[in-house]
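The values are calculated or read from the model by the stated rules, or taken from the named source; none is laboratory data. Bear in mind that the values here come from a model prediction, so they are computed numbers and not experimental data. Positions of Cβ are generated from backbone atoms using ideal geometry, with glycine treated the same way; all protein chains shown enter the neighbour counts. Side chains are part of the model used for accessible areas, which takes the heavy atoms of the whole protein and leaves out ligands, DNA and RNA. Shrake-Rupley method; radii C 1.70, N 1.55, O 1.52, S 1.80 Å.
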Amino acid sequence: MKIVFVVGLVLASFSVADSSPGPQPLPLPPPLPTPRDEAYPGTLKLAVDVTDIERRVYKVHEDISVTAAGDLVLTYPRWLPGTHAPEGSIDRFAGLVVKAGSTRLEWVRDTVDVFAFHVPVPAGTKTISVDFTYLSAAHHGVGPQEVGRELLVLDWPAVFVYPAGYFTRQILVDASVHVPEGWRVATALEVASTRGAVTTFKTVPLETLADSPVHAGHYYKRYDIAADKTPVFLDVMADHPDLVEIKPALIELERAVVQQATRLFGSHHYDHYDFLLALSDEVGWNTTLEHHRSAEYGEPVTDFIDWDKTSAWRDVLAHEYVHSWDGKFRRPADLWTPTYNVPMRDSLLWVYEGGTQYWGEVVTTRAGVLTKQQALYSLAMTVAALDKEPGRTWRALQDTTNDEIINPRRPMSWPGWQRFEAYYPEGALIWLDADTLIREKTSGAKSLDDFAKAFFGIDNGSFVPVVYTFADVVTALNNVYANDWATFLRTRLDGHGPGAPLDGLRRGGYRLVFTEQPSEYWTSIEDTRLKGVDHSYSIGVVVDKDDVLSTVAWESPAAKAGAIAGSKILSVDGVAYEAARLKLTIQRAKTSKDPISLVLQNGERVFTVRIDYHGGLRYPHLERIPNQPALLDDILAARKN
Ligand SMILES: [Zn+2]
């Protein structure tokens, strides 16, 4: 009976499956209006109130002109310039109320695009009002802090909705910001009027507003760092009044950055520029972002106080500034979009970010913000990390240009194997490769500086973006020095190694070596950024300040022994863990045949790993190649004109 019953059940289920064709997809709703390059009728009025700093809630009011009755689609920015990804803060958007006069209009969110809202506009309506709140992160668990007791950061794309169907450069906006009493405002926007704590800006296209963040704060000082007649300012907001007093020597270093970048590109693409610097231990981390006529920087206060100890971050100011040329003015054709709700494609980020990484470090060193030796230490770290990166075997550099979309900088379990944003550091290596090749083949008559001037220096004074393709990059390189640049670039972008592309380093006169002594730059990163110790090139781990393995390098001796990231080290060779003890143990293991024994705790699990490693401490450095001209030294030397 039992067997017969089972067979009967199986047969019955087959016959049901055979008789049903299965589900069919429902048609998608109509697409959102396609953006047109036509003037939007009327001006968008936008008032943002950021006075509620206790709750960290920004209140937004908009008045939007409308010309037709029926379905109006309002969109909240999804694809954000600078992040190159769909990182719009829709999860912090709340309290939406739309009205025509006193009549409330019941909006409905689009069933496919959750950043779009359909509003039924009654006949005869001229203007609708929109109110909503932007809920800035209440604590670190939600995200980086934008609001503190003494200062705040306002990025406009978080605080507006705009009508779908028009290029953002075609929508004019009158914007104002209401800040806490006694606070001041720093931005690249030009001020139309100030009434008490409300600042109203001159009318600009939405594209310009979105690209012009506001820093507001209690303690503020503005420094003139112009290198020629075009105004450039360093706007410092800080947690304490004494922190806005920047040493004159540092101001002159930042002026030298402006001067060296201007000499490199032979142009500028702004009529005035503002470095917006938030020196705060509360606010600003992770808000470093480039814009056309400004850049915003969040730095911990110690960076400017302990200048001599913090060489690790110093190229950041030049990096974002270089983006005014490489990224904002010259923009990859597939990355530029007419609105913030059209998808971006990131295939040329090895130019946008890789080139900026390269020129940012070059300009930083030419300006004297880093010494040549510090720049070499930094390059040694970059080269070592890339040369040993195991993910290269499955993943070409080109594919990593998708990373901002795949993973907006969330922590990863095995970063070396996954690879992450290699287009920054390895893009820079490719540009070094091109630079040294041009210098070598032309006996120093030409260099990548000529490419930078020809490619980014056009249309001096204009800040209307000019887009480019891969073919345009190849053509511009050929105009400097004739070569098969397409093959040169594709080989490096699509290749799998082995190892990183190091021809540029070799031609530059240097090679990678490992010694038992860390550089001061390495130690600076350990102290100020990692707040831990980095044994990546010996046993293959990075240990943070809480004794936890923040990284275990893929296929490293530690990984092979069974260590995984997130584990806390309880003991080293039977003795309680201390950073100095692990270092000493790695040193001693050189002359021993015994493995290094670590007791780890991961969650509730406590286990021992025995790391069979006897190579001693290993830290990367660059060493001069005898009899090879030091082209890298020439690249890093300050331009006289
Ligand atoms: Zn960048």
When restricted to Arg511, Arg581, Arg506, the only residue open to solvent by 30 Å² or more (accessible area, probe 1.4 Å), within 30 Å of Ser443 (Cα to Cα), charged (D, E, K, R) and in contact with a strand residue (DSSP E or B) (Cβ under 8 Å, 6 or more places away or on another chain) is Arg511
Strands (runs of 3 or more DSSP E) fully within the range 120-209 counting 1 or more residues that are within 26 Å of Arg109 (Cα to Cα), β-branched (Val, Ile, Thr) and at pLDDT 95 or above = 127-135, 172-178
Could you please give the count of residues in the range 346-392 that are closer than 19 Å to Ser519 by Cβ and touching a strand residue (DSSP E or B) at 6+ places or on another chain (Cβ under 7 Å)?
-> 7
Give me the pairs: first residue in the range 137-150 and under 12 Å from Pro180 (Cα atoms), second residue surrounded by 14 or more Cβ atoms within 10 Å (Cβ to Cβ) and hydrophobic (A, V, I, L, M, F, W, C), beta-carbon distance under 6 Å, and six or more apart or on different chains, which are they?
-> Val147/Ile53; Gly148/Val283
Subset of the range 204-235, residues hydrophobic (A, V, I, L, M, F, W, C) and farther than 16 Å from Thr339 by Cα, comes to Val214, Ala216, Ile225, Ala226, Ala227, Val232, Phe233, Leu234
Being in contact with a Ser or Thr (Cβ under 7 Å, 6 or more places away or on another chain), within 19 Å of Pro77 (Cα to Cα) and among the aliphatic types (A, V, I, L, M) is the filter here, so list the residues in the range 141-156 that pass it.
-> Val153
If you check every pair at least six apart or on different chains, which have Cβ atoms under 7 Å apart with a residue in the range 335-347 that is more than 27 Å from Ala396 (Cβ to Cβ) first and a residue that is among the polar types (S, T, N, Q) second?
-> Pro338/Thr168; Thr339/Thr168; Tyr340/Thr168; Asn341/Thr75
Looking at (1) under 26 Å from the mean Cα position of the chain (by Cα); (2) surrounded by fewer than 16 Cβ atoms within 10 Å (Cβ to Cβ); (3) of a type outside the set (A, V, I, L, M, F, W, C), can you tell me which one Thr487 breaks?
-> (1)
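Suppose the filter is open to solvent by less than 10 Å² (accessible area, probe 1.4 Å) and farther than 30 Å from Gly562 by Cα; does Leu432 pass it?
yes
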Can you name the condition, by its number, that Asp303 falls short on among (1) out of contact with any Lys or Arg (no Cβ under 9 Å at 6 or more places or on another chain); (2) open to solvent by less than 20 Å² (accessible area, probe 1.4 Å); (3) among the acidic types (Asp, Glu); (4) in a helix (DSSP H, G or I)?
-> (1)
If you check every pair at least six apart or on different chains, which have Cβ atoms under 6 Å apart with a residue in the range 452-463 that is free of Cβ contacts under 8 Å to residues at least 24 places away in the same chain and within 14 Å of Ser324 (Cβ to Cβ) first and a residue that is open to solvent by 20 Å² or more (accessible area, probe 1.4 Å) and not in a loop (DSSP other than H, G, I, E, B) second?
-> none
From the set of residues in the range 361-394 that are without any contact (Cβ under 8 Å) to a residue 60 or more places away in the chain and open to solvent by less than 40 Å² (accessible area, probe 1.4 Å), which is farthest from Leu317 (Cα to Cα)?
-> Thr382
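Go over the candidates Pro343, Pro338, Pro332 one by one and state the one that is over 30 Å from Leu250 (Cβ atoms) and crowded, with 23+ Cβ neighbours inside 10 Å. Walk me through how you get there before you give the answer.
Working: Pro343 fails: crowded, with 23+ Cβ neighbours inside 10 Å; Pro338 fails: crowded, with 23+ Cβ neighbours inside 10 Å.
Unique residue meeting the criteria: Pro332.
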Read through the list (1) open to solvent by 10 Å² or more (accessible area, probe 1.4 Å); (2) within 14 Å of the ligand (Cβ to nearest atom), then give the number of the only condition that Arg255 fails.
-> (2)
Number of the condition not met by Lys229 [criteria: (1) open to solvent by 30 Å² or more (accessible area, probe 1.4 Å); (2) assigned to a helix (DSSP H, G or I)] = (2)
How many residues does the range 132-164 hold that are closer than 25 Å to Thr339 by Cα and either among the polar types (S, T, N, Q) or open to solvent by 60 Å² or more (accessible area, probe 1.4 Å) (or both)?
-> 3
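Just to be sure I understand, how many residues within the range 1-43 are in a loop (DSSP other than H, G, I, E, B), among the hydroxyl-bearing types (Ser, Thr, Tyr) and at pLDDT below 95? Can you show your working first?
Within the range 1-43, the subset in a loop (DSSP other than H, G, I, E, B) is 1, 20-35, 37-42.
Subset that is among the hydroxyl-bearing types (Ser, Thr, Tyr): 20, 34, 40.
Filter once more, keeping what is at pLDDT below 95: 20.
Residues that pass the stated criteria total 1.
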